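Every read-out reported here was derived from the displayed coordinates using simple, explicitly stated rules and does not represent laboratory data. As the structure is a prediction and not an experimental result, all values here were calculated from the model. Positions of Cβ are backbone-derived with ideal geometry, glycine not excepted, and every protein chain shown enters the neighbour counts.
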Amino acid sequence: MSTYDGPVPELVPQLSRGKHRNPRKGACFMELASYLAGERWSDHPSCTHPLLAAVARLVNDHTTDAGRRDLAGLVPSVIGLTSDDVHVDAYIALRAAITGLPVVAAERQRVLAVSVLTAERMLAELDGRPPGSLGEGSRRALAEVPHAEAWARSFTSEVRTSLKGFRRHAAPSTVRHAVVGIAQASVHDPDAVLRDLLAGAIGDCEASIGRRTDPAPAFEGEPWADACRLTGTVAAGRPTR
């Protein structure tokens with residue numbers, strides 16, 4: 001959990017794309033999280049689940065400068081969200097794949113259709129469900145891309161992924177394809193889709209880890225809103241599920 005228990009600092013680094021050597025140069029989403037958590041300055045802080053942190057970094061870097069202002073209010077939400085449970089990786093990967101599948105370009109749809117089936121297979125194995133069983137969200141997403149689903153089912157029938165391989169390779173690949181694909185998609189507001197993906201992933205983690213969903217006291221109300229205004233960002237509300 002966060003080691004930061006004081007008021008929000010008067011000066012907060014401004015969110016921007018990429019890595020930064022120190023707060024004076026700005027901050028990506030996870031660097032700002034490390035700053036607020038009282039950790040060593042890093043875009044890979046220990047206070048956040050590694051895959052959730054990967055989603056946050058990718059969303060930060062593929063959101064426009066204007067859209068990135070709306071991400072600041074989510075930063076406190078990721079502090080303390082960490083777990084060794086593979087369920088968390090599966091939920092995040094599945095969220096990313098389902099979100100991206102209907103809107104990404106055709107070449108990425110096959111990848112994300114495979115990701116949906118793979119994440120569902122991991123969850124079935126973890127939960128003792130029958131192989132091949134799908135959640136309602138997965139069924140709806142795959143139904144929108146029947147050609148990609150058919151290809152993915154053929155591909156996955158001959159491929160098996162271990163839980164270790166899923167966590168190390170398949171899940172990170174899924175979130176990257178989803179975020180990049182959404183950012184490049186011909187949709188009305190890709191920034192909003194990316195923010196909703198990140199907010200949804202945070203909500204999935206909270207539900208899986210069992211953390212309460214109200215804001216931590218250090219980040220409540222006007223102090224955090226004032227800090228966001230100082231950076232030129234917007235203190236948006238916490239994600240809902």
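Some points to look at:
- Of the peptides 144-155, 76-87, 47-58, 126-137, the ranking by mean beta-carbon count within 10 Å, highest at the top, reads 47-58, 76-87, 144-155, 126-137.
- Simple rule: put +1 on each Lys or Arg Cβ and -1 on each Asp or Glu Cβ in the range 19-176, find the dipole, and look at Tyr35, Ala170, Ser115; the Cα lying farthest toward the positive end is Tyr35.
- Relative exposure of Ile92, Ile209, Ile182, judged by other C-beta atoms within 10 Å (fewest first): Ile209, Ile182, Ile92
- Global geometry of the range 71-173, whether rounded, prolate or oblate, following the gyration tensor of its Cα atoms and the 1.5 cut on a/c: oblate
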